[in-house]
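Reading through the structure tokens given below for one structure.
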Amino acid sequence: MIHTPIQPQVKKRKRQPEQNLQVQHEVKFRDATIYLVERKMGSSRRTFLTNLARNKGFCVQNDLSNEVTHVVAEDNEAQELQAWLHNHGLKDQASVQLLDITWFTESMAAGRPVVVESRHRIQGNNDQKKNCLQPSSQKVSQYACQRRTTIINCNKIFTDAFEVLAEHAEFNENAGRCLAFMRATSVLRSLSGAVGCFRDLESLPCLGDQTKAVIEDILETGRSFKVQEILDDEKYRVLKLFTSVFGIGLKTAEKWYRKGLRTFEEVHADNSVILNRRQEAGFRYYDDILKGISKAEAEALAGIIEEAVHMIVPEATVTLTGGFRRGKEFGHDVDFILTTPESGKEESLLGLLLYHELHPATFDVTKLPSRKFEAMDHYPKCFLILKLRSKPLDDSAQADGASQRDWRAVRVDLVAPPISHFAFALLGWTGSRQFERDLRRFAQHERKMLLDNHALYDKTKQIFLLAKTEEEIFAHLGLEYIEPWERNA
Ligand code: DCT
Ligand code: MG
């Protein structure tokens, strides 16, 4: 399933003065005082990047003061940028570093200001064709596990389009086409700049004629006709609506569509539709679940779950994984790995749940090597909807009835692998899905190894390769280590 965020209704609001929005953040790195140039970047992206950096302990100034040491701009040509800075009061440009957004994205990925290299600098007189990507000296790998992909996506305009096309292919059970669009999405996400011209695509892998045609449309007209056609297609819209409910898969959505059902009201009014417990909960908490979960809420949940499991096994550990481990600010659920230092005790941890849908272990160590290395693992796990206490957000939230309660329903996944398999479970559950797919594909095709969430098997030597950490798994595979926040493929 691919989750493309549903576009919220855009309400025009009066712009607030920036000072009012400023929140105090702890500054960890005092050697770099950053100023982000709004020109070409746009104010919403600038605000997003500012918050991202401040949350990571970087010092970002709203104004171009004397304290600024690093000026970061995106898609700005040197001469135009220098003139712009001059007009905005920066007379002494020699005292600041004029840097391209690549320095910023690399610093965000590293979690600290990286050393400025000449390739980061915005220099005058470069004969770079306007709008085109800086040619990179490194070839982009066809495997997502050999690329570093942070949460910053400079090619959203293209990847949003590909995600619609991939989902449409999935709905039509065209797995090959779906995968092709997902691979293309993943390659574009890994780029440190926006694709600005057709020539930028020359050295990129995983882009076929179909994907290139879509990019060409968008470059020329700002939109893709094909994507628009899909978005206007009734079947696509209905399947997307139905599968957005927790517990409703493609099969059920199609069955309902064939029955002539088009809306939730029609589903509820149809007596022949029988919902299972999961689907009932999915409908009951639909609005809450659709809203998603913030990082702060995920961290609060981690504390609650930790407290609960410690009552069962005091030395148990709770590890936040999934999208939040990759640095995402928002997720559709929160994924946790629970484990105990003593093997065999981990399953008892799920005993903390009084009402749930438990999937007991179907994993048998004695049956390894298994012929089937699968995407889904066999650890005991459960998919939950929990009540998370929250304060009403603001006046508008108070106004609609559902938000009057002081709690929210949130989706949580818990998985409890034995400690000896922890590293494999952690690697598998951190994602992203495309990163995992490519790790397995790389293992199989390049190394003759089988990897899944339980183990790594060397087919040539016919042995299991053990690992206590993710770093060891990457080393077994002969891959450079990719940090969790660089796995947003
Ligand atoms: N996963 C996987 N194969 C599956 C299901 C999940 O490899 N069939 C891995 C990849 C990501 C991780 O488990 C968690 O899955 P999700 O919660 O669906 O994804 P996420 O990256 O955490 O994204 P979201 O923010 O939407 O929860
Ligand atoms: Mg998740």
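The values are calculated or read from the model by the stated rules, or taken from the named source; none is laboratory data. Worth saying up front: this structure is predicted, and the values here are computed from it rather than measured. So basically every Cβ, Gly included, is an ideal-geometry build from the backbone, and we count neighbours across all protein chains shown. Protein only, heavy atoms only, side chains kept; ligands, DNA and RNA dropped before computing areas. Shrake-Rupley method; radii C 1.70, N 1.55, O 1.52, S 1.80 Å.
If you take the beta carbon distance between GLU265 and ALA296 as r and set R0 to 35 Å, what does 1/(1 + (r/R0)^6) give as a FRET efficiency, to the nearest 0.05? Display every interim value, and only then the final one.
Values: r = 35 Å, r/R0 = 0.99.
The pair GLU265/ALA296 has a calculated efficiency of 0.50.
Which ³J(HN,Hα) values in Hz, rounded to whole numbers, follow from the phi angles of region 102-113 under the Karplus curve 6.51 cos²θ - 1.76 cosθ + 1.60, where θ = phi - 60° and Gly and Pro get x?
Values, residue by residue: 4, 5, 5, 5, 5, 5, 4, 5, 7, x, 7, x Hz.
Could you tell me the distance between the Cα centroids of region 282-358 and region 221-277, to the nearest Å?
Between the Cα centre of region 282-358 and that of region 221-277, the gap is 29 Å.
Among the GluC sites (Glu not before Pro) within region 416-489, which fall in a DSSP loop and have no more than 16 other Cβ atoms within 10 Å of their own Cβ?
The qualifying sites are GLU480.
Find the Rg to Rh ratio for region 144-230, where Rh is the Kirkwood radius over alpha-carbon pairs and Rg uses the same atoms.
Looking at region 144-230, the ratio lands at 0.94.
Taking 0.36 nm per intervening residue step and subtracting the Cα-Cα distance, what contour gain separates ILE304 from ARG112 on full extension?
So the chain would gain 66.1 nm between ILE304 and ARG112.
Students often check this: by mean Cβ neighbours within 10 Å, which of 95-104, 234-243 ranks highest, and how do the rest follow? Each step should come with its number before you reach the end.
Values: 95-104: 20.0, 234-243: 17.6.
Ranked by mean Cβ neighbours within 10 Å, highest first: 95-104, 234-243.
Taking 4 °C and 1.567 mPa s as the conditions, I'd like the Stokes-Einstein D for region 233-284 in µm²/s, using the Kirkwood hydrodynamic radius from alpha carbon pairs.
Values: Rh = 10.9 Å.
The diffusion coefficient I find is 119 µm²/s.
Find, among the trypsin sites (Lys or Arg not before Pro) in region 138-177, those assigned to loop by DSSP (not H, G, I, E, B) with at most 13 other beta-carbon atoms within 10 angstrom.
Listed in order of number, the matching sites are LYS139.
Can you run phi through the Karplus equation (6.51, -1.76, 1.60; θ = phi - 60°) for region 418-431 and list ³J(HN,Hα) in whole Hz, with x for Gly and Pro?
Listing the rounded values in order: x, 4, 5, 10, 4, 4, 5, 5, 4, 4, x, 7, 6, x Hz.
For LYS156 and LYS251, FRET efficiency with R0 = 30 Å and r from the beta-carbon atoms, rounded to 0.05?
E between LYS251 and LYS156, to the nearest 0.05, is 0.45.
Counting only heavy atoms of the protein chains, get the accessible area per residue of region 271-343 (1.4 Å probe) and round it to a whole Å² value.
Ligands and nucleic acids excluded, the result is 50 Å² per residue.
Sort 78-87, 338-347 for me by packing, meaning the mean count of neighbouring Cβ atoms within 10 Å per residue, highest on top.
In descending order of packing, they fall as 338-347, 78-87.
What order do you get for 292-305, 412-425, 196-209 when each peptide is scored by the mean count of other beta carbon atoms within 10 Å, highest first? Provide the component values of the computation, followed by the final result.
Numbers: 292-305: 16.9, 412-425: 21.0, 196-209: 14.4.
Put in order of decreasing packing, that is 412-425, 292-305, 196-209.
With the Cα gyration tensor of region 29-131 giving a ≥ b ≥ c as the square roots of its eigenvalues, does the rule (a/c under 1.5 for rounded; else a/b larger than b/c for prolate; else oblate) give rounded, prolate or oblate?
Since a/c stays below 1.5, the shape of region 29-131 is classed as rounded.
Would you kindly state how much longer the chain becomes between ASP232 and GLN123 on full extension, computed as 0.36 nm times their sequence separation minus their alpha carbon distance, in nm to one decimal?
So the chain would gain 34.7 nm between ASP232 and GLN123.
For region 144-230, give the magnitude of the charge dipole about the Cα centre (Cβ charges: +1 Lys/Arg, -1 Asp/Glu; no others), in debye to the nearest 20.
With Lys and Arg at +1 and Asp and Glu at -1, about 380 debye.
For a 24 Å ceiling on Cα separation, which of these pairs sit above it: LYS156/LYS259; LYS212/LYS251; LYS156/LYS240?
Violating the 24 Å Cα-Cα cut-off are LYS156/LYS259; LYS212/LYS251.
Tell me which trypsin sites (Lys or Arg not before Pro) from region 53-130 have a DSSP coil assignment and no more than 13 other beta carbons within 10 Å of their own. Numbers along the way, then the final one.
Values: sites: ARG54, LYS56, LYS91, ARG119, ARG121, LYS129, LYS130; in loops: LYS56, LYS91, LYS129, LYS130.
For trypsin sites (Lys or Arg not before Pro) across region 53-130 that sit outside H, G, I, E and B with at most 13 neighbouring Cβ atoms in 10 Å, the list reads LYS91, LYS129, LYS130.
In Å², and per residue, what accessible area does region 152-236 have when probed at 1.4 Å with the other protein chains present?
On the way: 3850 Å² over 85 residues.
About 45 Å² of surface per residue is accessible.
Can you give me the long-range amide H partners of ASP413? Hydrogens built in the peptide plane at 1.01 Å from N, cutoff under 5 Å, separation of 5 or more residues or another chain.
VAL334, ASP335, PHE336, LEU384
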